[in-house]
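Undergrad: Before I ask anything, let me first share the structure, which is written out below as structure tokens.
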Amino acid sequence: QVQLVESGGDLAQPGGSLKLSCAASGNLFIITTLGWYRQAPGNQREWVATISSRGATNYADSVKDRFTISKNNAKDAVFLQMNSLRPEDTAVYYCTAGDIVGRDYWGQGTQVTVSS
């Protein structure tokens, strides 16, 4: 089992920046990927970014060149640096982890609100 706890959500102005963190614990050796999803009110949960155990990254087109995902080598933390924030980035952001047998783990979410 893997447990995930997000932090860093806050109110930000358009054009501003926030950095989300996710602390992972449990059987970290089984984790193969870490990532972020988000869900805005009334919308389905959408994928934001993923980073593999080797550090390969992928981003949704909506956040590419604005958001950066990173992790530490111990695989016990993943981060999402969010720059040039827009009102449409407002959502609950969820940390995710995938393991070697295809199971997915989710955090409880952290609220990001972008508004002037």
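Undergrad: In percent, how large is the relative contact order of the chain, given Cα pairs closer than 8 Å and 6 or more residues apart?
TA: Computed over the chain, the figure is 37 percent.
Undergrad: Could you list the residues of segment 96-116 with an amide nitrogen less than 20 Å from a label point located 7 Å from the Cα of Arg45 in the Cα-to-C-beta direction?
TA: What the label zone holds, given the 20 Å backbone N cut-off, is 96-113.
Undergrad: Could you give me the ³J(HN,Hα) list for segment 10-26, computed from phi with Karplus coefficients 6.51, -1.76, 1.60 and θ = phi - 60°, whole Hz, x at Gly and Pro?
TA: Values per residue, Gly and Pro as x: 6, 8, 9, 7, x, x, x, 9, 9, 10, 8, 10, 9, 9, 10, 9, x Hz.
Undergrad: Take segment 1-101, drop everything but the C-alpha atoms, weight them equally and run the Debye formula without solvent; then report log10 I(q)/I(0) at 0.15, 0.18, 0.24 Å⁻¹ to two decimals.
TA: Here the Debye-derived log intensity ratios amount to -0.57, -0.81, -1.34.
Undergrad: To continue, here is another question. Under 20 Å from the 7 Å Cα→Cβ point of Gln111, by amide nitrogen: which residues of segment 32-50?
TA: The answer is 37-46, whose backbone nitrogens lie closer than 20 Å to the label point.
Undergrad: Can you list the trypsin sites (Lys or Arg not before Pro) in segment 1-97 that are in a DSSP coil and have 15 or fewer other beta carbons within 10 angstrom?
TA: Arg45, Arg54, Lys64, Arg66
Undergrad: Something else about it: Can you list residues from other chains, or at least 5 along the same chain, whose modelled amide H is less than 5 Å from the amide H of Arg86?
TA: Amide H neighbours of Arg86: Gly15.
Undergrad: Now, a different point. If I compute solvent accessible area with a 1.4 Å probe over the protein chains, what percent of it on the chain is carbon and sulfur?
TA: It is 46 percent, rounded to a whole number.
Undergrad: Separate question: Can you work out the accessible area per residue across the chain, with the rest of the protein chains kept in place, probe 1.4 Å, in square angstrom?
TA: Using a 1.4 Å probe on heavy atoms only, each residue of the chain averages 52 Å².
The values are calculated or read from the model by the stated rules, or taken from the named source; none is laboratory data. Treat the numbers as computed from the prediction; the structure is a model and nothing was measured. Backbone-built Cβ (ideal geometry, glycine too); neighbour counts: all protein chains shown. The accessibility values were calculated without ligands, DNA or RNA, using every heavy atom of the protein model including side chains. Shrake-Rupley method; radii C 1.70, N 1.55, O 1.52, S 1.80 Å.
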